[in-house]
Each structure stands twice: as structure tokens, then as C-alpha cells.
Amino acid sequence: MTMQKIQLERTYAAAPEKIWELWTTEAGIEAWWAPQGFTVHVTALDLRAGGTLTYTMTATGPEQVAFMQNAGLPLSSTSHKTFTEVEPTRRLAYTTLADFIPGVEPYEFLTEVELRATADGATHVTMTADTMHDEEWTGRLAAGRANEMDNLAQVVGS
């Protein structure tokens with residue numbers, strides 16, 4: 001069986017070093033990672049192949065809180081990622097442990113992030129992620145990742 005992928009692309013008006021910093025530091029991740037109406041707090045970050053990123057995402061906006069409650073999901077969930085590739089300012093890949101979905105056995109899915117400098121000093125980012133266990137959760141993943149990338153644009157002023 002061939003696993004499908006989600007792919008998103010954005011170009012940011014910032015050098016690859018700045019985008020890398022925002023993607024790989026505690027302060028950077030906390031500044032943009034969460035979708036609107038959520039916050040992120042990083043509790044562990046070991047940036048190397050085999051290292052981990054652990055953070056807690058909490059619903060704080062009224063609409064998001066209501067959605068989470070209506071879906072039977074906790075307002076806060078802790079996410080565990082394991083880095084599989086770390087190539088500073090160029091490539092980052094990590095697996096995410098999906099252990100937060102009611103009624104679904106935990107599993108991992110891969111996300112790959114490629115940064116490429118453009119001729120005008122900007123950075124083109126391509127994010128590719130495995131699909132999740134069903135269409136609904138894959139849609140949630142795609143929407144969440146698109147929102148993350150839009151948030152990153154706001155942080156760098158693109």
C-alpha cells in the first residue's frame with residue numbers, strides 16, 4: 001500500500017537562518033506553531049537525529065475550546081516528535097506520535113521540511129507530511145499545518 005502525502009509550500013521574506021531558528025528553537029516554536037485559539041509550550045527540545053521535541057498545545061479561544069469539548073478531546077494535549085533528520089538551515093524531518101486520538105491505536109507519521117534560499121534573499125519552504133489514519137484527521141492535519149505556515153509568515157512579516 002502506498003501512503004499518500006500532504007504537501008504545502010510557502011515563500012517567506014526572511015533568510016533560511018531565520019526560518020530555521022523559528023522552526024528549531026523553543027522561543028521560535030512557541031511564537032508560531034499553534035493554530036489560532038491555541039497556545040504551545042515546549043517542555044523538551046533536543047535538536048539532533050534521534051532527539052525529541054515535546055510540547056503541550058492548549059485550546060484557549062472560545063470557539064476552539066467548544067470544538068475540543070464537542071469532539072470529546074481534551075483541551076490540552078502533549079505532542080511527542082522524534083527528529084529523523086537535522087541538516088541546519090536546509091532540512092528537518094521528524095515523526096509525530098499520534099497517541100491523542102480517542103479509539104485509535106497510537107501510530108507515527110512523518111513530516112519533512114525543506115528550506116531553500118531564493119535569489120532575492122527569501123526562503124522557500126516545502127513541508128511534506130504523511131496522511132493520517134482517515135480522511136477527517138488528514139484534513140485536520142492539512143488545515144493545521146497550513147495554519148502553522150501562515151502563522152510563520154505573520155511572525156516574519158511575509
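Before moving on, here are some points about what is shown:
- The set of residues from the stretch 116-133 being open to solvent by less than 60 Å² (accessible area, probe 1.4 Å) and within 18 Å of residue 6 (Cα to Cα) comprises 124, 125, 126, 127, 128, 129, 130, 131, 132.
- Only one entry of 43, 89 meets the criterion of being modelled with pLDDT of 95 or more and open to solvent by 70 Å² or more (accessible area, probe 1.4 Å), and that entry is 43.
- Within the stretch 78-132, being farther than 15 Å from residue 53 by Cβ, outside any strand (DSSP E or B) and charged (D, E, K, R) holds for 90, 105, 120.
- If the condition is being of a type in the set (A, V, I, L, M, F, W, C), in a helix (DSSP H, G or I), touching a residue at least 60 places away in the same chain (Cβ under 8 Å) and open to solvent by 20 Å² or more (accessible area, probe 1.4 Å), then the stretch 5-40 contributes 20, 31.
- Check on residue 66, over 17 Å from the mean Cα position of the chain (by Cα) and in a helix (DSSP H, G or I): yes
- The stretch 142-158 residues that are farther than 18 Å from residue 7 by Cβ, paired with ones that are open to solvent by 20 Å² or more (accessible area, probe 1.4 Å) (beta carbon under 6 Å, 6 or more apart): 155/31; 158/13
- Candidate set: the stretch 99-108, residues that are without any contact (Cβ under 8 Å) to a residue 24 or more places away in the chain and under 17 Å from residue 136 (Cβ atoms); chosen: the one surrounded by the fewest Cβ atoms within 10 Å (Cβ to Cβ): 103
- Annotation note: of 56, 82, 2, the sole residue that is at pLDDT below 95 and either loosely packed, with under 15 Cβ neighbours inside 10 Å or closer than 16 Å to residue 111 by Cα (or both) is 2.
The values are calculated or read from the model by the stated rules, or taken from the named source; none is laboratory data. Owing to the predicted nature of the structure, the values given are computational and were not obtained by experimental measurement. Note that we place each Cβ from the backbone using ideal geometry, even for glycine, and neighbour counts take in every protein chain shown. Ligands, DNA and RNA are stripped out before the accessible areas are found, and what is left, the full protein with its side chains, is counted by its heavy atoms. Shrake-Rupley method; radii C 1.70, N 1.55, O 1.52, S 1.80 Å.
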